[in-house]
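Read the structure below first, then the notes.
The values are calculated or read from the model by the stated rules, or taken from the named source; none is laboratory data. Computed from a prediction, not measured in an experiment: that's the story for all the values here. Cβ coordinates were reconstructed from backbone atoms using ideal geometry, including for glycine residues, and neighbour counts include every protein chain displayed. Surface accessibility is based on the protein's heavy atoms, side chains included, excluding ligands, DNA and RNA. Shrake-Rupley method; radii C 1.70, N 1.55, O 1.52, S 1.80 Å.
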Amino acid sequence: AFNNLACPYRGLYHFSPDEAKYFFGREVFIEELFAATQTRNFIPLLGASGSGKSSVVLAGLVPKLQNEGNWLFTHFRHGPDPFHALALALIPLYTKNLDDTDKIIQARKLAQSLNDAKNPLPLSDIFAQIHKNHPTHKVLLIADQFEEIYTLCADNKIRHRFLDSLLASFPSSSTQSQYNRVLVATMRADFLANALLYRPFGDVLNNDIKLSSMNHDELTSVIAKPAEKLGVTFESGLAERILDDVEDEPGNLPLLEFALTQLWKQRKDRQLTHAAYQKIGKVQGALARHADWNYGNLSATQKEQVRRIFIQLVQPGEGTQDTRRLATKAELGEASWDLVKHLADNRLVVTNQNAAK
């Protein structure tokens, strides 16, 4: 029955490999990323918050490599303990028949060995073991939300040891064919300045790939094609109306997916209607409800901070409407920046290189 159709839109979450059939609009970029995996072994992928970096890797690149065959995949987010997060991702690739408790114990042991300040275990030794078990396979290691190495890892020495470990195991080379592993690291562009402070990592970032915003045709695909896959149509003019509401919004992909997810819940038979779109409050209204919910969960102190942040993001109109403005990190101040990141993680502001939008 059509009422039981799974929603092909992802709200504020990224697309996973299992949802690749509903992931549209990034075909050109996926080809570029795929080509890079054939010649390079450390690929930093930078873009604004809300540009779809995680989705393009997990629902774009991974399925394309799966179709090629002979690839193993694992991915991690740094969290406060990057060595442990990495160890948890690698353990399943070279161990067998471990229960969950054993995996945790082994990951803790591996993390301690990798993070040994005096005699660290080279990460390349782990990959050598993986390839001994899988001699015909390459490994794609995905480090998602790489900016967490700056936001969640408070120890500078651990951060540098971790970066050194990755850089040693994924050395930049013009002859990538000698390696059988590729690291793709997605990172918000506004953390580029942090990364450049550590020269060895900064040198790798000279050869990054930047994910730009989608154009008109790509956004049209994002709106129409997932529903089309399930035989659901848009009422005449609705797709264009939604596109007009979202096209020029910075970080527009999460806003769009969120509104489309709400709209899907209100569909009538096999059609998405103008009336339902009006009912959810259009793109702006759907987001406003999400913003109210997030704001309600902040402490009184955080609420006051948020009010000050948003005042700095508004250009008062003189006889005209107020408009948004860019605010730099320096204007907002270091004290506010953790909260700005929290707002960006929840899709309430968009951050890009050198600016919070």
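Some observations on this one:
- Checking each residue in region 99-122 for being open to solvent by less than 50 Å² (accessible area, probe 1.4 Å) and assigned to a loop (DSSP other than H, G, I, E, B) picks out only N115.
- Scanning region 31-82 for residues that are of a type in the set (D, E) and touching a residue at least 12 places away in the same chain (Cβ under 8 Å) gives E32, D81.
- Within region 89-98, the residues that satisfy the criterion of being open to solvent by less than 80 Å² (accessible area, probe 1.4 Å) and without any contact (Cβ under 8 Å) to a residue 40 or more places away in the chain are I91, P92, Y94, T95, L98.
- Residues located in region 108-151, provided they are more than 26 Å from L61 (Cα to Cα) and in contact (Cβ under 8 Å) with a residue 40 or more places away in the chain: L114, N115, A117, P120, P122, T151
- Selected residue (criterion: farthest from E257 (Cα to Cα)) from residues of region 30-55 that are in a helix (DSSP H, G or I) and touching a helix residue (DSSP H, G or I) at 6+ places or on another chain (Cβ under 6 Å): T39
- Residue count for region 31-49, restricted to those that are open to solvent by less than 40 Å² (accessible area, probe 1.4 Å) and more than 17 Å from D208 (Cβ to Cβ): 0
- Taking the criterion of being in a helix (DSSP H, G or I) and surrounded by fewer than 19 Cβ atoms within 10 Å (Cβ to Cβ), the residues of region 1-19 that qualify are F2, N3, N4, P17, D18.
- Scope region 201-249; condition among the acidic types (D, E) and surrounded by 15 or more Cβ atoms within 10 Å (Cβ to Cβ); matching residues: D208, E218, E235, D245, E247, E249
- In region 228-260, the residue that is farthest from A189 (Cα to Cα) out of those that are acidic (D, E) and touching a residue at least 24 places away in the same chain (Cβ under 8 Å) is E235.
- A193 being within 23 Å of S54 (Cβ to Cβ), in a helix (DSSP H, G or I) and at pLDDT 95 or above: no
- The helices (runs of 4 or more DSSP H) falling completely within region 228-315 that include 3 or more residues that are within 25 Å of the chain's Cα centre (by Cα) and at pLDDT below 80 map to 282-296, 300-312.
- Looking only at residues of region 276-303 that are of a type in the set (S, T, N, Q) and open to solvent by 80 Å² or more (accessible area, probe 1.4 Å), we find that the one that is farthest from H342 (Cα to Cα) is Q278.
- Scanning region 197-227 for residues that are without any contact (Cβ under 8 Å) to a residue 40 or more places away in the chain, over 25 Å from D248 (Cβ atoms) and under 20 Å from the mean Cα position of the chain (by Cα) returns a single hit, F201.
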